[in-house]
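Reading through the structure tokens given below for one structure.
The values are calculated or read from the model by the stated rules, or taken from the named source; none is laboratory data. For clarity, every value in this text was computed on a predicted model and none was experimentally measured. Cβ coordinates were reconstructed from backbone atoms using ideal geometry, including for glycine residues, and neighbour counts include every protein chain displayed. Just so you know, the surface numbers come from the protein's heavy atoms only, side chains and all, with ligands and any DNA or RNA stripped out. Shrake-Rupley method; radii C 1.70, N 1.55, O 1.52, S 1.80 Å.
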Amino acid sequence: AGDTAEVARHDAMLARIREGFFRHLWNPTRGHPGLYREQGGHGRLHDDAWLYGIFLPIGAGLLDSEQALTALRYTEWGLQNDRLPAGGRRVWTSNFVPGIWSVREMWPGDNHHLALAYFQAGLGDDGWDVFRGNFVHSAFDQPSPGNLGAPQGGTDFGDCVHPFARTLVEGLFGYAPDYPNQVVRLAPQFPADWGHAQIRTPDFSLRFERAENVTRLRVTLRQPAPVELLLPQIGRA
């Protein structure tokens, strides 16, 4: 705060990252980032991207709203999707073979972050589809029900807890506090057919109700701040 030299240095760094991303990795014809570009030879772009190359640029704010939508669409046609008997879908991390560890995985944490990207892009139904498919699978189709992870990670590999919690709170319920800038952004992304939902954490609570064309939100904040509210427009054909 107040350090204009550092502000200028970081702004220049961010501009360099953005320029390099779109010059080297973004494929405007296909509408999504590639995985990498050859550093020699023809400098060709490897178009067969994986999940990290999709949801991380969205979370970092590199993509505008249209680019985020086309990039997420790639995960639906460019990667293997598995539909779940109880509903929802899961997306494989990549198309790479052989499918050794961390190269071609079906990892819940990656899918939770993908669901968060859908929520961040304003696609509540699609985000819920991915989110539901993964946590319901871990709750009912695992040796340790409710373990949020996957058997290949063992019962004590808890790295999926954080992306699950963040996607639930920041994605589905839309709680994104920015207290250093004195604002709390609320952008809930409930599926269009939901009529009510409620959450309570040590930092906030939110109660949602929707009937016909009326949406009601009741919000409490542990630390008061101005609220910026963003609600999706839900229309009917």
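Restricting attention to the stretch 183-226, and to residues there that are among the β-branched types (V, I, T) and at pLDDT 95 or above, which single residue is surrounded by the most Cβ atoms within 10 Å (Cβ to Cβ)? Reasoning before the result, please.
Just the residues of the stretch 183-226 that are among the β-branched types (V, I, T), to begin with: 183-184, 199, 201, 214-215, 219-220.
Within this subset, residues satisfying the condition of being at pLDDT 95 or above are 183-184, 199, 201, 219-220.
Working: V183: 13, V184: 21, I199: 15, T201: 13, V219: 15, T220: 11.
The qualifying residue surrounded by the most Cβ atoms within 10 Å (Cβ to Cβ) is V184.
Applying the selection to the stretch 177-206, what residues are closer than 18 Å to R166 by Cα and among the charged types (D, E, K, R)?
The initial filter retains those residues of the stretch 177-206 that are closer than 18 Å to R166 by Cα, namely 177-179, 184-191, 197-206.
D178, R185, R200, D203 - these are the residues of the stretch 177-206 that are closer than 18 Å to R166 by Cα and among the charged types (D, E, K, R).
Per this entry, L168 is counted among residues that are in contact with a strand residue (DSSP E or B) (Cβ under 9 Å, 6 or more places away or on another chain) and closer than 17 Å to A187 by Cα. Residues considered: G20, G61. Of these, the only one that is surrounded by fewer than 18 Cβ atoms within 10 Å (Cβ to Cβ) and over 26 Å from G127 (Cβ atoms) is G20.
Residues that are open to solvent by 30 Å² or more (accessible area, probe 1.4 Å) and modelled with pLDDT of 90 or more within the stretch 89-120 comprise W92, N95, F96, H113, Q120, listed in sequence order. Selection over the stretch 139-173 of residues that are open to solvent by 50 Å² or more (accessible area, probe 1.4 Å) and touching a His at 6+ places or on another chain (Cβ under 7 Å) gives a count of 0.
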